[in-house]
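Student: Once you've had a glance at the structure underneath, I'll fire off some questions.
The values are calculated or read from the model by the stated rules, or taken from the named source; none is laboratory data. Computed from a prediction, not measured in an experiment: that's the story for all the values here. A quick note on method: Cβ atoms are made from the backbone with ideal geometry, for glycine too, and the neighbour counts reach across all protein chains shown.
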Amino acid sequence: MSTEDLRFRPATAEDLDRVLELHFAAFTDDRSATERRRNFTANPLGSLADFVLALRGEDIVAQAFLFPLEAWFGGRAVRLGAIASLATAPEVRGQGIATALLQHLHVTSDVRGDALTMLYAFRHRFYARLGYGTTSSRKRLAIDPAAIPGAWRTLARTRVRRARSEDKDLIKRAYVRAASRTSGWLTRTDAFWDRHLSRERRQFLVADSGYVAFQLRQSEAHAATTLAVDELVADDDVTRCALLGSLAAMRDQVAEIELEIDANDPLELVLLDPDGRRFGTDAVEHDLGTIVGGPMLRIEDVPRALEARGYPADGALDVVVHGAAEELAVSVRVRDGRAEVAAARGAAAALRTTRATLASVLYGGLRASDAARLGLLDADARTLARADAIFALPPIAPVDPF
Ligand SMILES: CC(C)(COP(=O)(O)OP(=O)(O)OC[C@H]1O[C@@H](n2cnc3c(N)ncnc32)[C@H](O)[C@@H]1OP(=O)(O)O)[C@@H](O)C(=O)NCCC(=O)NCCS
């Protein structure tokens, strides 16, 4: 069936009953109607006007958020469209409706000037066919608290304290400083912070230049307790060690600490027996946790995507983006951390890749040389070395999934 008859518009309060009905049909977890309603009326990432509906006649047949957010890449806050809660009504699945809604969202995001769209995919293949690229994975360590160096617990005694309400600004400022050094951390609004800080089960410990936020989980009384770290933010290594030491000091209560770190973080190398009393298998003697896949990214306007982020090194190269229906060649010159894009000068040495892989290289923490090793990108060795230096980006490790 054709999708040409679809109309798109932002949701309003009158649509909420149908929106909730569709949400219940698409996301069948045990969230209550009240919780789901709050997802639309008091979402920390945006408003109901950011929720876009696809209608056939008067009937709402699909829906999704397109939040206007900013996230940090290469030391610059970059505007992005964050897509979430995509759902098509069960009776009209497989007709291309979600695809048409996504294409509408891509255009909307492009027209308002975003450099990329980002989403957490239920299945990568579904979005890959629409030009989305993958991003670096994170390590989700499952750590016996006793594995954390004892000296860090000693550090914690002098440096770490319980957060009080007057520490809100310290926490917010520490986050902003840290976010600007990361790939993919969001610029948080006041509404976001209000929600974040008032979560009943979330606890904060602070140091002068950092903090750790975590939640304790226990399935029933007397069962093992897990401490899940929501975010660990520190300006310097000593503060980070002290904050980890303060978590280690909870080892009488806590059986395991869950902590996500980026792919390049060497933390597990200092932990002695992080797998504690977990036992291995014939193939894996020490299982330290899980590898977690990152969000997916898509770029619509290639020059804008190239110019929006910050860069660690100066240099110039040509980029050719090719696909089934396109071949676009541009020349990129980076000076003082900013890129300028012009029509390609036709230099022989260029990176040749797809739109999806360019998204992964520019914003997803994929090195150009690694993309070449995976058969996703072509360039000669000198151009690859130059691209690795110019495009270098810490692995993406966002802390606020949507
Ligand atoms: C995911 C969902 C939105 C898709 O809606 P839809 O309107 O049926 O999707 P479309 O018709 O546009 O796309 C279906 C197409 O994608 C393909 N497809 C569907 N799932 C796929 C997958 N996991 N991998 C690859 N392709 C997939 C289908 O084969 C079809 O391709 P075709 O058009 O060539 O036959 C719908 O199934 C849904 O609401 N699911 C529950 C909620 C959910 O998981 N949302 C995603 C949150 S990220």
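Student: Right, residue 73: more than 8 Å from the ligand (Cβ to nearest atom), closer than 30 Å to residue 177 by Cα, in contact (Cβ under 8 Å) with a residue 40 or more places away in the chain and of a type in the set (Phe, Trp, Tyr) or not? Before the answer, list the steps.
Tutor: Details: more than 8 Å from the ligand (Cβ to nearest atom): yes; closer than 30 Å to residue 177 by Cα: yes; in contact (Cβ under 8 Å) with a residue 40 or more places away in the chain: yes; of a type in the set (Phe, Trp, Tyr): yes.
In short, yes.
Student: Another question about this same structure. Any idea how many residues of region 125-150 are aliphatic (A, V, I, L, M) and not in a helix (DSSP H, G or I)? Steps first, please.
Tutor: Keep residues of region 125-150 that are aliphatic (A, V, I, L, M), which gives 128, 130, 141-143, 146-148.
From the residues that got through so far, the ones that are not in a helix (DSSP H, G or I) too are 130, 141-143, 148.
Going through region 125-150 one residue at a time, the tally reaches 5.
Student: Please find, within region 1-26, the residue that is farthest from the ligand (Cβ to nearest atom) out of those that are within 30 Å of residue 190 (Cβ to Cβ) and in contact with a Lys or Arg (Cβ under 8 Å, 6 or more places away or on another chain).
Tutor: So, considering only residues that are within 30 Å of residue 190 (Cβ to Cβ) and in contact with a Lys or Arg (Cβ under 8 Å, 6 or more places away or on another chain), the one farthest from the ligand (Cβ to nearest atom) is 16.
Student: Criterion first (over 21 Å from residue 400 (Cβ atoms), near the ligand (Cβ under 8 Å from one of its atoms) and among the β-branched types (Val, Ile, Thr)) does residue 60 satisfy it? Outline the logic, then answer.
Tutor: Values: over 21 Å from residue 400 (Cβ atoms): yes; near the ligand (Cβ under 8 Å from one of its atoms): no; among the β-branched types (Val, Ile, Thr): yes.
Taking the combined requirement at face value, the residue does not satisfy it.
Student: If you don't mind, there's one more thing I want to ask. Answer with yes or no whether residue 82 is buried (at least 17 other Cβ atoms within 10 Å of the Cβ), within 16 Å of the ligand (Cβ to nearest atom) and part of a strand (DSSP E or B). Don't jump to the end; show me each part of the working.
Tutor: Values: buried (at least 17 other Cβ atoms within 10 Å of the Cβ): yes; within 16 Å of the ligand (Cβ to nearest atom): yes; part of a strand (DSSP E or B): yes.
Yes.
Student: Show the residue pairs meeting these rules: Cβ distance below 6 Å; 6+ apart or different chains; first residue within region 95-123 and more than 19 Å from residue 7 (Cα to Cα); second residue of a type in the set (Val, Ile, Thr) and within 12 Å of the ligand (Cβ to nearest atom).
Tutor: Hits for this filter: 117/83; 119/83.
Student: Let me ask something else. Looking only at region 192-208, how many residues end up being modelled with pLDDT under 95 and either among the hydroxyl-bearing types (Ser, Thr, Tyr) or more than 22 Å from the chain's Cα centre (by Cα) (or both)?
Tutor: Qualifying residue count for the region: 4.
Student: Pick from region 2-33 the residues that are within 23 Å of the chain's Cα centre (by Cα) and not in a loop (DSSP other than H, G, I, E, B): which of them is farthest from residue 193 (Cα to Cα)?
Tutor: 26
Student: Out of region 368-385, which residues are crowded, with 19+ Cβ neighbours inside 10 Å and over 19 Å from residue 129 (Cα atoms)? If you could, list the steps in order and put the result at the bottom.
Tutor: First pass over region 368-385, keeping only residues crowded, with 19+ Cβ neighbours inside 10 Å: 368, 371-372, 376-377, 379, 383-384.
The answer is 368, 372, 379, 383, 384.
Student: Would you confirm, using the coordinates I've provided, whether residue 36 is within 16 Å of the ligand (Cβ to nearest atom), more than 18 Å from the chain's Cα centre (by Cα) and not in a loop (DSSP other than H, G, I, E, B)?
Tutor: Details: within 16 Å of the ligand (Cβ to nearest atom): yes; more than 18 Å from the chain's Cα centre (by Cα): yes; not in a loop (DSSP other than H, G, I, E, B): yes.
When the stated conditions are applied, residue 36 passes them.
Conditions (1) within 18 Å of the chain's Cα centre (by Cα); (2) among the small types (Gly, Ala, Ser); (3) more than 9 Å from the ligand (Cβ to nearest atom), marked per residue:
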| site | (1), (2), (3) |
| --- | --- |
| 117 | yes, no, yes |
| 129 | no, no, no |
| 136 | yes, yes, yes |
| 139 | yes, no, yes |
| 151 | no, yes, yes |
| 156 | no, yes, yes |
| 159 | no, no, yes |
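Student: What strands (runs of 3 or more DSSP E) lie completely within region 324-402 and have 3 or more residues being more than 30 Å from residue 139 (Cβ to Cβ)? I'd like the intermediate steps shown before the answer.
Tutor: Values: elements: 326-335, 338-343, 350-353.
Of the strands (runs of 3 or more DSSP E) lying wholly inside region 324-402, those with at least 3 residues that are more than 30 Å from residue 139 (Cβ to Cβ) span 326-335, 338-343.
Student: Another question, then. Only one of 143, 97 is buried (at least 23 other Cβ atoms within 10 Å of the Cβ) and modelled with pLDDT of 95 or more; which?
Tutor: Values: 97 fails: buried (at least 23 other Cβ atoms within 10 Å of the Cβ).
So the residue among 143, 97 that is buried (at least 23 other Cβ atoms within 10 Å of the Cβ) and modelled with pLDDT of 95 or more is 143.
Residue-wise test of (1) buried (at least 18 other Cβ atoms within 10 Å of the Cβ); (2) within 23 Å of residue 92 (Cα to Cα).
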{"residue": "25", "(1), (2)": "no, yes"}
{"residue": "28", "(1), (2)": "no, yes"}
{"residue": "31", "(1), (2)": "no, no"}
{"residue": "34", "(1), (2)": "no, no"}
{"residue": "43", "(1), (2)": "yes, no"}
{"residue": "47", "(1), (2)": "no, no"}
{"residue": "56", "(1), (2)": "no, yes"}
{"residue": "66", "(1), (2)": "yes, yes"}
{"residue": "75", "(1), (2)": "no, no"}
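Student: Has region 94-109 got at least one residue that is farther than 25 Å from residue 188 by Cβ, assigned to a strand (DSSP E or B) and either away from the ligand (no atom under 16 Å from the Cβ) or among the polar types (S, T, N, Q) (or both)?
Tutor: No, region 94-109 contains no residue that is farther than 25 Å from residue 188 by Cβ, assigned to a strand (DSSP E or B) and either away from the ligand (no atom under 16 Å from the Cβ) or among the polar types (S, T, N, Q) (or both).
Student: Another one. Among the residues that make up region 354-364, is at least one of them small (Gly, Ala, Ser) and surrounded by fewer than 19 Cβ atoms within 10 Å (Cβ to Cβ)? Don't jump to the end; show me each part of the working.
Tutor: Step one: list which residues in region 354-364 are small (Gly, Ala, Ser), which gives 356, 359-360, 364.
From the residues that got through so far, the ones that are surrounded by fewer than 19 Cβ atoms within 10 Å (Cβ to Cβ) too are none.
No; the residues of region 354-364 include none that is small (Gly, Ala, Ser) and surrounded by fewer than 19 Cβ atoms within 10 Å (Cβ to Cβ).
Student: Oh, and also: Residue under question is residue 112, and the condition is that it be within 7 Å of the ligand (Cβ to nearest atom), surrounded by fewer than 19 Cβ atoms within 10 Å (Cβ to Cβ) and basic (Lys, Arg); does it hold? Give the steps one after another, and end with the answer.
Tutor: On the way: within 7 Å of the ligand (Cβ to nearest atom): no; surrounded by fewer than 19 Cβ atoms within 10 Å (Cβ to Cβ): yes; basic (Lys, Arg): yes.
No; evaluated as a whole, the condition is false for this residue.
Student: In the set 349, 343, which member is surrounded by fewer than 14 Cβ atoms within 10 Å (Cβ to Cβ), closer than 21 Å to residue 382 by Cβ and at pLDDT below 95?
Tutor: On the way: 343 fails: closer than 21 Å to residue 382 by Cβ.
On inspection, the qualifying residue turns out to be 349.
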